[in-house]
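These notes are about the structure you will find just below.
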Amino acid sequence: MLAAIRSAAVLGIDAYDVTVEVDTARGLPNWTIVGLPTGAVKESRERVSAALINAGFTVPPRRITINLSPADVRKAGSSFDLPIALGMLVATGQLSVDAVRDLVAVGELGLDGTIRPVRGALPIARHVAHATGALLVLPRANVAEGALVSAARLAAPATLGELVVGLNAGALPHPVVDARCDAVAVRPADDFADVVGQESAKRALEIAAAGGHNVVLIGPPGAGKTMLARRVPSILPTLTEEEALEVTAIHSVAGLLPPGQPLVGVRPFRAPHHSISGAGLIGGGSAPRPGEVSLAHHGVLFLDELLEFSRHVVESLRQPMEDGRVVIARASTSIAFPARFTLVGAMNPCPCGNAGEPSRVCSCAASDIARYRARLSGPMADRVDLHVHVGAVPLRELSSPARAESSATIRARVEDARARQRARYARLAGVTCNAHASGRWLDAHGGLDRAARELLTAAAERVDLTARGYHRVVRVARTIADLDGVERVLAPHIAEALRFRPATVDDVRLHA
């Protein structure tokens, strides 16, 4: 007898339909799974047979063929256990065809018949709700995640036996779950009020948070670069509903959603070690998974000791920084992961770390500094909007009782600036902040007044700005104007934006 059960799988962060066909025929007892299954899928025959028997069903000694359609797409993971088990029950007459006609099933089976959680429940729920509207049977541990899709019809039995009883009775109750209540944005405890001095660096980070700009902090060891970077999440704007769902989908596919937290409510902050591989940073593997750049989507990717990362690894950031996504090509398919992040880097100004510090002596020759700084290539440096010198704070200032501006105060200005940008780009698809806007569009419609344009043109000729650098200055100046609450980009906004362009080796040595 032949049975067909609808299921779904995830490719990248998007789901697609899979039909699980089960055929039982006379012959020597044997299980064959076809349709490009990976090892985890092939092992499902052992899990499914034990689960069926321990749940009180029979597994007849027949030749069983299981096809996962479409057969030309590689299938991975353990989520096909449940549809295979249902197909077996239908094919052997232990469950009626009508009972499974209007459902899509995903789930891993334990040997005792329990239904265990799987990755990618949110993308699957979105796909099923929008494509077919069928009843989606999910593991109970994934139901809160699936319930984030308001249009989804869900069922979440705890065991295979409970599912079959409900199907035979025609009564699988829709679980009542209010997952969105778990999306409260819990702000980090680190606060900019704890940072003494470093006004220029704090200003640059505020601009970066307001416009989504990339920033590199350059300074000696112990100056507070890492401390500043780790406080950036405290001033980032709150995730919108659509952004939260995108971030959650990526973390769901990667299997990184914390238990009991179906929705990611805060912007990600990822800080990989400098020994990370290219695949770990960008994503990849035999069954491609999102890397750190995708896990930082709509958040911050912090690279501490930036120049200690492999140059090949750092250079691999160039394409996602421009396009906002990563495309991983394999022989059979190409998978795209979103990667719209804000890069925050921290690095020393020279090998000894003391260049540019008036109270310290730099022992590096100009050639050593140039060679050291060359680890960050020109094209990569050009993609960073804000280059900020972070000097050492005098010890006498550390004991000052005065507290700096709090993160809440800074975040209020950032939220106002982001609101202006959302209104400005409401008609531009995929653009929500200045860093993502087309340079030519901003040059034409960004509100630069005549004096600002003249200053930018003169500066571009004097410091030999590239076309990319020219437009990045325009973007940063537009963000500064948004923070000031004005519609026109004025000459002082351009001047401040130009201050954050990359410095030369002589500038580093003589900075004081």
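Points to keep in mind about this one:
- Candidate set: segment 435-448, residues that are touching a residue at least 12 places away in the same chain (Cβ under 8 Å) and over 27 Å from Thr238 (Cα atoms); chosen: the one surrounded by the most Cβ atoms within 10 Å (Cβ to Cβ): Leu448
- In segment 136-165, the residues that are aliphatic (A, V, I, L, M), more than 23 Å from Met88 (Cβ to Cβ) and in contact with a helix residue (DSSP H, G or I) (Cβ under 7 Å, 6 or more places away or on another chain): Ala144, Ala147, Leu148, Val149, Ala151, Ala152, Leu154
- Selection count where residues are of a type in the set (S, T, N, Q) and not in a strand (DSSP E or B), scope segment 1-43: 1
- Evaluation of Thr65 against the conditions (1) over 26 Å from Ala131 (Cα atoms); (2) of a type in the set (Val, Ile, Thr); (3) buried (at least 19 other Cβ atoms within 10 Å of the Cβ) shows that the sole unmet condition is (3).
- Considering segment 261-372, the qualifying helices (runs of 4 or more DSSP H), each wholly inside and each with 2 or more residues that are over 12 Å from the mean Cα position of the chain (by Cα) and in contact (Cβ under 8 Å) with a residue 12 or more places away in the chain, run over 278-282, 311-315, 318-323.
- Breaking point among (1) farther than 21 Å from Met227 by Cβ; (2) within 23 Å of the chain's Cα centre (by Cα), for Ser377: (2)
- Residue in segment 212-228 that is within 20 Å of the chain's Cα centre (by Cα), at positive phi and surrounded by 18 or more Cβ atoms within 10 Å (Cβ to Cβ) present: yes
- Segment 449-466 - residue that is at pLDDT 90 or above, among the aliphatic types (A, V, I, L, M) and in contact with a helix residue (DSSP H, G or I) (Cβ under 9 Å, 6 or more places away or on another chain) and, of those, surrounded by the fewest Cβ atoms within 10 Å (Cβ to Cβ): Ala451
- Scanning segment 10-28 finds no residues that are open to solvent by 50 Å² or more (accessible area, probe 1.4 Å), touching a residue at least 24 places away in the same chain (Cβ under 8 Å) and on the phi > 0 side of the Ramachandran plot.
- A single member of Arg501, Arg488 is free of Cβ contacts under 8 Å to residues at least 60 places away in the same chain and of a type in the set (Lys, Arg), and it is Arg488.
- Checking each residue of segment 476-494 against the condition of being under 24 Å from the mean Cα position of the chain (by Cα), at pLDDT 95 or above and either over 28 Å from Leu376 (Cα atoms) or open to solvent by less than 80 Å² (accessible area, probe 1.4 Å) (or both) gives at least one match.
- Some residue of segment 412-434 being hydroxyl-bearing (Ser, Thr, Tyr) and surrounded by fewer than 16 Cβ atoms within 10 Å (Cβ to Cβ): no
- Residues located in segment 130-147, provided they are open to solvent by 20 Å² or more (accessible area, probe 1.4 Å) and either in a helix (DSSP H, G or I) or within 19 Å of Gly161 (Cβ to Cβ) (or both): His130, Ala131, Leu135, Arg140, Ala141, Ala144
- Residues being open to solvent by 60 Å² or more (accessible area, probe 1.4 Å) and among the small types (Gly, Ala, Ser) - total across segment 310-361: 5
The values are calculated or read from the model by the stated rules, or taken from the named source; none is laboratory data. Since the structure is predicted, the reported quantities are computational estimates derived from the model, not experimental observations. In this analysis, Cβ positions are derived from the backbone assuming ideal geometry, glycine residues included, and neighbour counts consider all displayed protein chains. Only protein heavy atoms, including side chains, enter the accessible area calculation; ligands, DNA and RNA are left aside. Shrake-Rupley method; radii C 1.70, N 1.55, O 1.52, S 1.80 Å.
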